[in-house]
Amino acid sequence: MSTELSEGQGLDGLGEQATNGKTRQSDICSGTTGGSMVSIAEYYAGKNVLITGATGFMGKVLVEKLLRSCPEVKALYLLVRPKAGQSMQQRVSDMMKCKLFDRVREDNPDFHQKIIPISSELIQPGLAISPEDVERLTACINIVFHCAATIRFDEPLKHALQLNVIATQKLLSLAQQMHHLEAFIHISTAYANCNRRHIDEVIYPPPVEPKKLIESLEWMDDGIVRDITPRLIGTRPNTYTYTKALAEYVVQQEQDKLNIGIIRPSIVGASWQEPFPGWIDNFNGPSGVFIAAGKGILRTMRANNDAVADLIPVDVVINLTLAAGWYTAVHRPKNAVVYNCTTGGINPFHWGEIEHHVMSSFKRNPLEQAFRRPNANITSNYLINQYWILVSHKFPALIYDLFLRLSGQKPQMMRIFNRLHKAIGLLEYFSSQDWEWNSENMTMLMNQLTPEDRKTFNFDVRQLNWPEYIENYCIGTKKYVLNEDMSDIPAARQHLRKLRNIRYTFNTLLVVFIWRVFIARSQMARNIWYFVVSLCFKFLSYFRASSTITN
């Protein structure tokens, strides 16, 4: 293999341009003597790890993978805040009862003893960590994984800035106090620079100096900030991608003081292999769309069939993250190393293909009590999409809500469709176009691993079989998000047959109604009808005669 590594060159100032040069490993690394012989699991043995966002989707998978594949890790310190009347201890306890941890539980029933929750609030001064806990963390932490962020696309700018940028600054400040810190790994997003068509593994100049923006917004009320947000974010689609770009720059500014790695996953989906195929625990991103399609609620979506759907399995992201933590600590790159964790440039799959496989999967493994049979279609045409929204979404919703009112129940279907349209509208930007991501650092990291580590911490998306993955994804939404039993599939199939029969009956009655009201009462309409029927009959007769002659 090549001895050269692709390395994103850091920015010393705002005015410098991002570059994508190649540098020899000896130029970007220090302290590597003998380090490459240490496996990932061996490196994490005896280490104390700090994780933010551990109760979120990716955070849970990170905690589980560390405990299962690095069983000698000393302790995992999780920054957790009380939420919805639950203490941090209750939240962590509920997390560990999740099915995700079944394999860890089998191997080590006492794994919870390695998990140490730390009370924290990211938007509070000093992250609201007590002085005792600060002293404890600064004395023992070896690696930091910063996963916490708001992933809401429509988050108000002030709040997104607090969670994604200011909280990152505070965590970096805490990290600089840690006496034994070896690596700081920041989870970003591949769409932080989605205003560019080609995205290299570099940190681009931010749209604005973060410090100046933070100072400016401090004195503004929410109404003013809301009004100026579109002008601030510019060509980026939302506050999420905007603030994640700022956070990358904030992290990069500390590369002279800390060993830094930045992971940029694209659209994170259900697990591919670990701890079992198809694990997912939320409605975010494509999961909610898949479920809506499987329930027969979603019938149309505006997207480009030929655009690459850059899904990335969550276990691929976590395996890359742990490998990047190992590489950053052992090799100590001089500049922050960026990893574009995407599939589009390596193993592309398109939205049109996803639509086909999702529909096929839900017809084989239907969801319980579907509203209609799964039959969603993707179109890039705005007018066609609006037509189908009216005919297949709003009209049926109005009829169903009328039925609920007449039966003394509370109408709900129109409200569900309005929420669905809002969610799909937020995704349109990403489903209507595609990007080119450079992933040389991801390839470089893979080449640094031993054959055993490549299996244990597999992030080689070339091996990903998309039809099989989508099938497992859809089943995962059924089993783990909706908590439906696979043994009830025969009943769900029977329900789909019932819906099909209802549809056929409705269509027949509709044709009879149209005939009686419009055609039977007009001589011209009847003549047109008979002409069309006669034309169809002649075409069928000609087709049969041609087939007979050919045979």
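The values are calculated or read from the model by the stated rules, or taken from the named source; none is laboratory data. Since we're looking at a predicted model, the values are computed, not measured. A quick note on method: Cβ atoms are made from the backbone with ideal geometry, for glycine too, and the neighbour counts reach across all protein chains shown. Note: accessible area is taken over every heavy atom of the protein model, side chains too, but ligands, DNA and RNA are not part of it. Shrake-Rupley method; radii C 1.70, N 1.55, O 1.52, S 1.80 Å.
Tabulated data for the structure shown
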item: Only one of 59, 21, 35, 15 that is open to solvent by less than 20 Å² (accessible area, probe 1.4 Å) and modelled with pLDDT under 50; result: 35
item: Whichever residue in the stretch 356-371 is more than 17 Å from the chain's Cα centre (by Cα) and in a helix (DSSP H, G or I) and, among such residues, is surrounded by the most Cβ atoms within 10 Å (Cβ to Cβ); result: 362
item: Single residue of 124, 177 found to be without any contact (Cβ under 8 Å) to a residue 60 or more places away in the chain, under 29 Å from the mean Cα position of the chain (by Cα) and open to solvent by 70 Å² or more (accessible area, probe 1.4 Å); result: 124
item: Wholly enclosed strands (runs of 3 or more DSSP E) of the stretch 115-189 bearing at least 1 residues modelled with pLDDT of 95 or more, closer than 19 Å to residue 63 by Cα and small (Gly, Ala, Ser); result: 183-187
item: Cβ pairs under 8 Å, 6+ apart, first in the stretch 204-217 and of a type in the set (Ser, Thr, Tyr), second not in a helix (DSSP H, G or I); result: 204/18; 204/196
item: Residues that are surrounded by fewer than 21 Cβ atoms within 10 Å (Cβ to Cβ) and touching a Lys or Arg at 6+ places or on another chain (Cβ under 8 Å), drawn from the stretch 296-333; result: 299
item: Candidates 439, 407 - the one that is modelled with pLDDT of 90 or more, of a type in the set (Gly, Ala, Ser) and either on the phi < 0 side of the Ramachandran plot or open to solvent by 60 Å² or more (accessible area, probe 1.4 Å) (or both); result: 439
item: Test set (1) at pLDDT 95 or above; (2) hydrophobic (A, V, I, L, M, F, W, C); (3) more than 30 Å from residue 453 (Cβ to Cβ) - residue 292 fails condition number; result: (1)
item: The stretch 410-430, residues that are under 14 Å from the mean Cα position of the chain (by Cα) and at pLDDT 90 or above; result: 430
item: Within the stretch 83-101, tally of residues that are in a helix (DSSP H, G or I) and either exposed (fewer than 13 other Cβ atoms within 10 Å of the Cβ) or of a type in the set (A, V, I, L, M, F, W, C) (or both); result: 8
item: Verdict on residue 249 being touching a residue at least 40 places away in the same chain (Cβ under 8 Å), of a type in the set (Phe, Trp, Tyr), buried (at least 16 other Cβ atoms within 10 Å of the Cβ) and farther than 30 Å from residue 457 by Cβ; result: no
item: Among the candidates 434, 485, residue that is open to solvent by 50 Å² or more (accessible area, probe 1.4 Å) and within 17 Å of the chain's Cα centre (by Cα); result: 434
item: Within the stretch 442-524, helices (runs of 4 or more DSSP H) holding 2 or more residues that are free of Cβ contacts under 8 Å to residues at least 60 places away in the same chain; result: 451-456, 489-514
